[in-house]
Amino acid sequence: MNTTPVKIVETVLRDGHQSLAATRMRITDMVPVLEELDDMGYYALEAWGGATFDACLRFLDEDPWERLRTLKKHLQKTPIQMLLRGQNILGYSHYADDVVKEFVKRSVDNGVSIIRIFDALNDTRNMECSMRAAKEAGAHVQGAFVYTISPYHKDEDFLKVAQELVQMGADSICIKDMAGLLSPYNAEKLVRTLKSQLTVPIDIHTHFTSGMGDMTYLKAIEAGVDMIDTALSPFAQSTGQPSTEAIVATLQGHPRDTGIELTKLHKAADYFRGVKTQLVKDFGLNDNIPIDPKVLTFQIPGGMLSNLLNQMKEMGSADKYPELLEEMPRVRAELGYPPLVTPTSQIVGSMAALNVTLGRYKMIPNEVKDLVRGKYGRTPAQIDPEVKKLAIGDEPQIDHRPADDIAPQMESLKAKLAAAGYPNADLDDVLSYALFPDVALAYFKKHR
Ligand code: CO
């Protein structure tokens, strides 16, 4: 029986606004409240990584590394946590090992203490390089697996991935339920399974998308989960995390009381309510994203549904939307049941949209071909043989770690950057350029 206080990972500075405000929170919105957050008694503040890096450069005219250093300056007590997509770093395809290593090292040097690492296919080979680099840099390495529902994703399968991650050096394990698919009783069972077989702490990360988030956390807590991810209420619920205040209040007087003071949370939440209003105004954001229990049937996260609908409007086939909902699970099965998370969600979604618009597999994007080739890693199940044939003909699939085929990139990146007029770019700039060359160059042009 776990009788220790439930540890809270506050996500308002990363997933909270990524889920509910299109990742538009600026460092200037954060600074005034950082010391208050630092004093809250959180286990960690998730504040960097995920989509924030891209958003800083692309939309906010901010240097993401500078943001991290500013965060660190104000957060002296609470560890800064980041989300890393394994070999994809913070981008959408695999990078060479030397880029992954430098990126992880610079993240830690600039202020990150806890790195949550995952791979869209739960292929642990895609996490080896970043996990090793994070260990070497002295960070706490949290190995995450993505939760999904399919005939190939039973509790035993997740346990096996978690055990591999522990063997690879994970200091804790995270259940990453990005679409809110994990139901309360299934969470209870999964947490029990993990707790009975593993000695490292277990963290659970859910989204409120299906409306079950609070219940899922409560059952996970009863089953002995160690950490939970929550966001202050203005950036909680709908497609974000359950709210910090509600969970803290729920546990008051319970043996696993978080020890966090509700009045302090209210004060910080009031501050963020103002930030939310301002962001909605400044960026013209949708302020009312409802929960969508349909995600449980179609397994398509809410944000993705609207993206796909837009895509189909552009192709002039918006009327085929009901067919798309049927086509998604079919394509997912044919492509080996990948979990639907960045970047596999986009890959499966686009394929399904093309199938209903042009006919099944009449046009196959390169990303789908690469997935079939094994270039994203091992899919949970075999690719359907006919789809394989249509996509890559008789070309063989690779069965080794995809990044083994990628030559080192750091030197050529530096050379390219020099040729673009930045011969003295520092390491952080080289890494920004590695991930998002066009937006990074646009940023440098303005600021360097
Ligand atoms: Co999330």
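The values are calculated or read from the model by the stated rules, or taken from the named source; none is laboratory data. Just so you know, these numbers come straight off a predicted model, no measurement behind them. FYI the Cβ positions are ideal-geometry reconstructions off the backbone, even for glycines, and counts take in every protein chain you see. Just the protein is used for accessible areas: all its heavy atoms, side chains included, with ligands, DNA and RNA removed. Shrake-Rupley method; radii C 1.70, N 1.55, O 1.52, S 1.80 Å.
What the table below lists for this structure:
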item: Check on ILE204, buried (at least 24 other Cβ atoms within 10 Å of the Cβ), of a type outside the set (Asp, Glu) and within 27 Å of LYS267 (Cβ to Cβ); result: yes
item: Which numbered condition PRO338 misses (of (1) outside any helix (DSSP H, G or I); (2) buried (at least 23 other Cβ atoms within 10 Å of the Cβ); (3) at pLDDT below 95); result: (3)
item: Where LYS189 falls short, out of the listed (1) within 16 Å of the ligand (Cβ to nearest atom); (2) surrounded by fewer than 17 Cβ atoms within 10 Å (Cβ to Cβ); result: (1)
item: Qualifying residue in the stretch 61-84 (condition: among the β-branched types (Val, Ile, Thr), under 27 Å from ASN126 (Cα atoms) and more than 16 Å from the ligand (Cβ to nearest atom)); result: yes
item: Count of residues meeting criterion [in a helix (DSSP H, G or I), under 23 Å from ALA269 (Cα atoms) and open to solvent by less than 10 Å² (accessible area, probe 1.4 Å)] in the stretch 57-78; result: 3
item: Of residues in the stretch 256-265 being more than 17 Å from ASP38 (Cβ to Cβ) and in contact (Cβ under 8 Å) with a residue 60 or more places away in the chain, the one surrounded by the most Cβ atoms within 10 Å (Cβ to Cβ); result: ARG256
item: Those residues of the stretch 323-335 which are assigned to a helix (DSSP H, G or I) and in contact with a helix residue (DSSP H, G or I) (Cβ under 9 Å, 6 or more places away or on another chain), in sequence order; result: GLU323, LEU324, LEU325, GLU326, GLU327, MET328, PRO329, ARG330, VAL331, ARG332, GLU334
item: Single match in THR70, THR3, THR78 (criterion: farther than 28 Å from ASN286 by Cβ and touching a Pro at 6+ places or on another chain (Cβ under 7 Å)); result: THR3
item: Some residue of the stretch 82-95 being farther than 25 Å from SER412 by Cα and open to solvent by less than 20 Å² (accessible area, probe 1.4 Å); result: yes
item: Every pair of residues 6+ apart whose Cβ atoms lie under 6 Å, when the first sits in the stretch 266-286 and is open to solvent by 40 Å² or more (accessible area, probe 1.4 Å) while the second is in a loop (DSSP other than H, G, I, E, B); result: PHE283/ARG24
item: Residue count, the stretch 22-56 (criterion: within 16 Å of the ligand (Cβ to nearest atom), among the acidic types (Asp, Glu) and open to solvent by 10 Å² or more (accessible area, probe 1.4 Å)); result: 1
item: Single match in HIS205, HIS266 (criterion: within 16 Å of the ligand (Cβ to nearest atom) and at pLDDT 95 or above); result: HIS205
item: Count of the stretch 279-318 residues which are at pLDDT below 90 and more than 25 Å from the chain's Cα centre (by Cα); result: 7
item: Condition met for LEU83 (in contact with a strand residue (DSSP E or B) (Cβ under 8 Å, 6 or more places away or on another chain), in contact (Cβ under 8 Å) with a residue 24 or more places away in the chain, of a type in the set (A, V, I, L, M) and on the phi < 0 side of the Ramachandran plot); result: yes
item: Residues of the stretch 216-251 satisfying the condition of being within 13 Å of the ligand (Cβ to nearest atom), under 18 Å from PRO5 (Cβ atoms) and touching a residue at least 40 places away in the same chain (Cβ under 8 Å); result: ILE228, ASP229, THR230
item: Any hit, the stretch 8-21, residues being crowded, with 20+ Cβ neighbours inside 10 Å, away from the ligand (no atom under 16 Å from the Cβ) and touching a residue at least 24 places away in the same chain (Cβ under 8 Å); result: no
item: Condition met for ASP155 (more than 18 Å from the chain's Cα centre (by Cα) and in contact (Cβ under 8 Å) with a residue 60 or more places away in the chain); result: no
item: Identity of the residue in the stretch 171-180, open to solvent by 10 Å² or more (accessible area, probe 1.4 Å) and in a loop (DSSP other than H, G, I, E, B), that ends up farthest from ARG85 (Cα to Cα); result: ASP171
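Table: residues versus (1) open to solvent by 10 Å² or more (accessible area, probe 1.4 Å); (2) of a type outside the set (D, E, K, R); (3) within 20 Å of the chain's Cα centre (by Cα).
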position	(1), (2), (3)
LEU194	no, yes, no
THR199	yes, yes, no
GLU222	yes, no, no
GLY240	no, yes, yes
THR244	no, yes, yes
THR250	yes, yes, no
HIS254	yes, yes, no
